[in-house]
Ligand SMILES: [Zn+2]
């Protein structure tokens, strides 16, 4: 068991150990052409939060980089 191998959630900057629910976020929503686009691994709770606070249209238009998405999640 080596914590250094765990990925880091870019939204909350905490480690994502295997034991924690996790999911991939499409930087461009799938319905808006992002199905072949870049994905980032997030904690599932953070993934739910970003979709609860931002619509697909906003994500596609304004939050298609993880830096912006992370900034938005800190403001909510
Ligand atoms: Zn997180």
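The values are calculated or read from the model by the stated rules, or taken from the named source; none is laboratory data. Please read all numbers here as calculations on a predicted model, not as lab measurements. Methodologically, a virtual Cβ is constructed for each residue, glycine included, from the backbone with ideal geometry; neighbour enumeration extends over all protein chains shown.
Data for the structure
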item	result
Residue in region 32-41 that is closer than 14 Å to residue 73 by Cβ, within 12 Å of the ligand (Cβ to nearest atom) and in contact (Cβ under 8 Å) with a residue 24 or more places away in the chain present	yes
Region 24-47, residues that are part of a strand (DSSP E or B), at pLDDT below 95 and surrounded by 13 or more Cβ atoms within 10 Å (Cβ to Cβ)	25, 26, 39, 40
